[in-house]
1. About the Cα centre of the stretch 1-50, how large is the charge dipole given +1 on each Lys and Arg Cβ and -1 on each Asp and Glu Cβ? Please answer in debye to the nearest 20.
2. What spacing in nm lies between the two simple spin-label points modelled at ASP121 and THR71, each 7 Å away from Cα in the Cβ direction?
3. Using a probe radius of 1.4 Å on heavy atoms only, what accessible surface per residue do you get for the stretch 74-203? Whole Å² is fine.
4. From the P(r) of the stretch 26-97, can you give the percent of Cα pairs sitting at distances over 19 Å?
5. Counting only other residues whose beta carbon sits under 14 Å from that of GLY174, what net charge do I get with K and R as +1, D and E as -1?
6. Quick one: which of LYS90/LYS142; LYS17/LYS100; LYS34/LYS90; LYS19/LYS99 span more than 30 angstrom between C-alpha atoms?
7. Using each residue's phi in the stretch 136-148, evaluate 6.51 cos²θ - 1.76 cosθ + 1.60 at θ = phi - 60° and report the 3J(HN,Hα) Karplus result to the nearest Hz, with x for Gly and Pro.
8. Within the accessible area of the stretch 7-151, what % is carbon and sulfur when the probe is 1.4 Å and the other protein chains stay in place?
Amino acid sequence: MIKAICFDLDGVYFTPKGKNSFHKGLVEEYGIPKETVDELMYRSPEMAQLVRGQIAASEFWNSVRESTNITASDEELTARWIRDYEVDEKVRESVLRAKKHGYKTCVCTNNNGIRLPLLIDRFNLNEQFDVIVSSHEVGHTKPSAEIFTALLNALQVQPDELVYSDDNPDRLEGARELGINTFVFENFEQFADELTQLGVDLK
């Protein structure tokens, strides 16, 4: 029986607008070539370290400035990063209904100590989710089994009592290895149908 429902943030709870806007802003507002932005935000060693909690925010922003020659402050870049984030209201409503029906609600995210605390405060995520597990706090990123083990421990549920959905299919492997119920998030209607098939009715 399902006891807990877990959500990814970017692309599931949050619409793609916020993340895409920041990347677009680095190109159009700061004049950084798109190839450089993609490298910095997806493939750079500094980003890999940031999402594992291995470097401080100041170190990351210093690396961005060194790679691009922009002069924006840490505070300016941080504010721009989260400026256009918005919630998918259908998903938010499903989180609230899940809590009302007695399910534990949780987040498992590859995130960092710059962005996540600000998003938690801005969108009152601690009021909506019983547990938030982030890669920068546990030192492991999805799809590793370690981050999902940390999630199970925090929730105090068995793998077959948890369902996890992610918009990136490559990030489900570790959860599947542990026996967690998983599926790829495509859209809200498909998400609701998948939950129904697992015996979860959030109407």
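The values are calculated or read from the model by the stated rules, or taken from the named source; none is laboratory data. Note that this is a predicted model, so its numbers are computed, not measured. Backbone-built Cβ (ideal geometry, glycine too); neighbour counts: all protein chains shown. Surface accessibility is based on the protein's heavy atoms, side chains included, excluding ligands, DNA and RNA. Shrake-Rupley method; radii C 1.70, N 1.55, O 1.52, S 1.80 Å.
1. About 280 debye.
2. 2.8
3. With the other protein chains kept in place, the stretch 74-203 gives 48 Å² per residue.
4. Value for the stretch 26-97: 44 percent of Cα pairs lie more than 19 Å apart.
5. So the surrounding residues net to -3.
6. Result: LYS34/LYS90 exceed 30 Å.
7. Result, rounded to whole Hz: 6, 8, 9, x, 9, 10, 4, x, 5, 5, 4, 5, 6.
8. Of all accessible area on the stretch 7-151, carbon and sulfur atoms account for 46 percent.
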